[in-house]
1. On the basis of being free of Cβ contacts under 8 Å to residues at least 60 places away in the same chain, farther than 15 Å from C:PHE42 by Cβ and open to solvent by 20 Å² or more (accessible area, probe 1.4 Å), does C:ASP150 make the cut?
2. Give the residues of segment A:48-59 that are within 17 Å of A:THR84 (Cα to Cα) and more than 12 Å from every other protein chain (Cβ to nearest Cβ), sorted by residue number.
3. Give the residue that is nearest to D:ARG125 (Cα to Cα), with candidates limited to residues of segment D:23-61 that are more than 12 Å from the chain's Cα centre (by Cα) and among the hydroxyl-bearing types (Ser, Thr, Tyr).
4. Of everything in segment A:59-118, what is basic (Lys, Arg) and closer than 23 Å to E:PHE42 by Cα? Give them in sequence order.
5. If I ask for residues that are open to solvent by less than 60 Å² (accessible area, probe 1.4 Å) and in contact with a Lys or Arg (Cβ under 9 Å, 6 or more places away or on another chain), which ones from segment F:153-164 would you list?
6. For a quick check of your reading of the model, give me the residue pairs whose first member lies in segment C:19-35 and is over 15 Å from C:GLU46 (Cα atoms), whose second is modelled with pLDDT under 95 and assigned to a loop (DSSP other than H, G, I, E, B), with beta-carbon atoms closer than 6 Å and at least 6 apart or on different chains.
There are 6 protein chains.
Amino acid sequence: MGRFQPYHLGHQSVLKKIAQEVDEIVVGIGSAQDSHTLENPFTAGERLTMIWCALKELDVTCYVIPIEDIRRNSVWVSHVISMTPKFEVVYSNNPLVVQLVTEAGIEVRNLPMYRRDAYSGTRIRAMMLAGQDWEMLVPKSVARVIKEIDGPKRLRNISKDDNE
Amino acid sequence: MGRFQPYHLGHQSVLKKIAQEVDEIVVGIGSAQDSHTLENPFTAGERLTMIWCALKELDVTCYVIPIEDIRRNSVWVSHVISMTPKFEVVYSNNPLVVQLVTEAGIEVRNLPMYRRDAYSGTRIRAMMLAGQDWEMLVPKSVARVIKEIDGPKRLRNISKDDNE
Amino acid sequence: MGRFQPYHLGHQSVLKKIAQEVDEIVVGIGSAQDSHTLENPFTAGERLTMIWCALKELDVTCYVIPIEDIRRNSVWVSHVISMTPKFEVVYSNNPLVVQLVTEAGIEVRNLPMYRRDAYSGTRIRAMMLAGQDWEMLVPKSVARVIKEIDGPKRLRNISKDDNE
Amino acid sequence: MGRFQPYHLGHQSVLKKIAQEVDEIVVGIGSAQDSHTLENPFTAGERLTMIWCALKELDVTCYVIPIEDIRRNSVWVSHVISMTPKFEVVYSNNPLVVQLVTEAGIEVRNLPMYRRDAYSGTRIRAMMLAGQDWEMLVPKSVARVIKEIDGPKRLRNISKDDNE
Amino acid sequence: MGRFQPYHLGHQSVLKKIAQEVDEIVVGIGSAQDSHTLENPFTAGERLTMIWCALKELDVTCYVIPIEDIRRNSVWVSHVISMTPKFEVVYSNNPLVVQLVTEAGIEVRNLPMYRRDAYSGTRIRAMMLAGQDWEMLVPKSVARVIKEIDGPKRLRNISKDDNE
Amino acid sequence: MGRFQPYHLGHQSVLKKIAQEVDEIVVGIGSAQDSHTLENPFTAGERLTMIWCALKELDVTCYVIPIEDIRRNSVWVSHVISMTPKFEVVYSNNPLVVQLVTEAGIEVRNLPMYRRDAYSGTRIRAMMLAGQDWEMLVPKSVARVIKEIDGPKRLRNISKDDNE
């Protein structure tokens, strides 16, 4: 479960490691309804395309599923369960996810480690805005998807000042 | 795009035929938020599992994506576009879908033919309720999924009379 | 307050008569979020265009305002008040509207009479579906708007049988 | 859990019997957001007042809680849990409630018997509409609440024909 | 009307004083749909249990009612009225509540005084997070409820840093 | 498209200039559902009244239409189209609006210049709060509307400190 704004090499490394522990992975794309904001520039469909392309490079069975926000923490776990194939373990470092899933009596494991200072959506979006070179932080196929929709330009456009 | 309550051999036959015309197929699971009703007994997650299992028997690249209802016809096409990878043609016989997609300037093709009198979700749900033999109307792997969650029993339970 | 699917000569006659009693009229377009259904074929924008064109033929100050459904009768009057200029009297024959507005302590008057058997949205939509001559039931300018968007064809398209 | 449109002697008899089995009762008022319709004429606040008055006649600890519809069966149990004090058993004859609560792993018991042909919200609303004598079907204190807000008149008003 | 995150001795003191002025009190639990956040850690059901327990210590008739946010200030008063028994005076210091209720023509009174620097939900939640002794700031029975669900641990869990 | 909190001489000057380029103007009132906040003190109906009054001073055909937020950028353009008469060009300086409308293939033009440092809703609301003289920044007829509903007092009331 993540927002994948955008999908990057940190995510890729995590999925590779999880793939060694389990047979099938359900990847939930959170805040699926959001797009065209500085925090969430890409639509769920665009993010899904990125992930799908990147997963082709791996050898693992993945269900990739957009999950719209339901804005009520108390029903969020039920909401996710209703949208996904049956799962037995949840991998997450998000404290709220860990708490909600634990209260629901489902096993949670910490995400495998990766270099969070290097690979982070926040950092990549900042580099796109600044016109810096973000491409080596995402899988090659993902870079292609982002360039096709000209993601950095979209980000720069929506960050403009009203009064320019 | 369909509700797939449940996924049956008619759907399977349609996907096989479309697979001969295109490279990739996006399968949208409509009314994803609905479940546990006589019209929509299965959750989006359960339907997704059915479709995924059945597609393993075919040789075709499919994106299977739950689409929640947005309850405004005028924005429905934009909603679907935001949740899915880019597509060029829509296959549908649903008159409302055909009209909305056509007004949005996107190409629509009729679904390939199959025996609608034999294969239909409505008929299969009625057979489940009546305790009749519905299994030969769905792919074998789908029948397994439905039996694992005891779908027919769920249907019969929610159809009981309040006053019994 | 009405759905105006479509605006017809009955509506026109009512507004003419009300115009003799008051200085300004607020016309609320109800169920503004609905369109492309057999009951509500036209968008709020299309209905607003119809009404605006028809009102040019009259000599009366009208505010025409789309009102989205709020799906809670108990807050509906407050919702309408928040979306409209201040009003003092409500004209309506709809029993629910009469009851809600009366409970809120606002004066309600019955709509002036017109030939309801002849002029009704339901009847006009049925005539459009049947390919009959509906044009003399609406103001000339409204007929032009409807033909420009080919309203009858939209209605016929969305009424088709799935299995045709 | 019920809609209590209105609260009647059948409900009262059921609560009396349940009170012999448990220490505390949570009474959920379903479809709390609905009012002023033929099916749901009374607001949640009005229904809560009826129940509260009727419970004074009994000797039992009751939490009476309005529950708004969440329109997704798959999260409904979580929604109810989040709005209510902790409970251990659910009493219901509603087949959907029984199914959802059972799937969530919570114990369900059938409601104690009462004369359903005599005491039913549907029947009482029909009698109110017809101007018949409904008062002996509800607790005396509830009759007082209904008469104070002139419930039968509200029902008759919203049931009027548009064209009268 | 308050969020009661959690219910504390300040609330208790206010209710005691109001009880001397009126016969019955309606206690609305605001933002009922929220839980598991730093601002709103407890569900409406948990907060209702706290209040109910604390009120047993007092001698006053209270209706305790969860009120979900409706996210439109212009209909908020109608929303509250629909969910509650009839009331005549509103006690509140919240400037928005005072303004909305006043515009609706309902009498508003200021809350009786209590030591706000000492008793405040914000302060108690901060003490829970810091592992300080918060218990003497809430009624004894409320402390028991909070410890049973291990409220401070929930708060600390959801406040953890993602990257720990 | 703007929020018009409140409508001021900058807006008036912009509409005058646009009126020289086009025949008809559609004015969308954004965030129509909001009111009684420091950012959005006025209801859609109040803002509509302001605009209508101010436009009487001009000689231009304007459709003034409240647009409720739909909280999904990906469907926002479709939403606006469904609520408005057909338009061909969008005038906006808002970067998000420019991006969304451009992606939808509709022509966008920059708003004509006016003195933004002098005329801005933010500045006028701050002056109202501070009790300064804001009236010369809005059209005379708008000042009358605002004074009739005592807008500055509403702003000051909702900005009070809880603990005063």
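The values are calculated or read from the model by the stated rules, or taken from the named source; none is laboratory data. None of the values given here were measured: they were computed from a predicted structure. With ideal geometry, Cβ positions are generated from the backbone for all residues, glycine too; neighbour counts draw on all protein chains shown. Please note that ligands, DNA and RNA were not included when accessible areas were found on the heavy atoms of the full protein model with its side chains. Shrake-Rupley method; radii C 1.70, N 1.55, O 1.52, S 1.80 Å.
1. no
2. Hits for segment A:48-59: nothing passes.
3. D:THR37
4. A:ARG71, A:ARG72, listed by residue number.
5. If the condition is that a residue be open to solvent by less than 60 Å² (accessible area, probe 1.4 Å) and in contact with a Lys or Arg (Cβ under 9 Å, 6 or more places away or on another chain), then F:LEU155 is the only one that fits.
6. C:ALA19/C:VAL60
Rundown of residues vs (1) within 14 Å of chain B (Cβ to nearest Cβ); (2) at negative phi; (3) small (Gly, Ala, Ser), yes/no style:
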residue: F:LEU38; (1), (2), (3): no, yes, no
residue: F:TRP76; (1), (2), (3): yes, yes, no
residue: F:SER92; (1), (2), (3): no, yes, yes
residue: F:ALA104; (1), (2), (3): yes, yes, yes
residue: F:ALA130; (1), (2), (3): no, yes, yes
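Yes/no per residue for (1) over 30 Å from E:ARG156 (Cα atoms); (2) at pLDDT below 95:
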| position | (1), (2) |
| --- | --- |
| A:VAL60 | yes, yes |
| A:TYR63 | yes, no |
| A:HIS79 | no, no |
| A:VAL108 | no, no |
| A:PRO112 | no, yes |
| A:ARG123 | no, no |
| A:GLY131 | yes, no |
| A:TRP134 | yes, no |
| A:ASP162 | yes, yes |
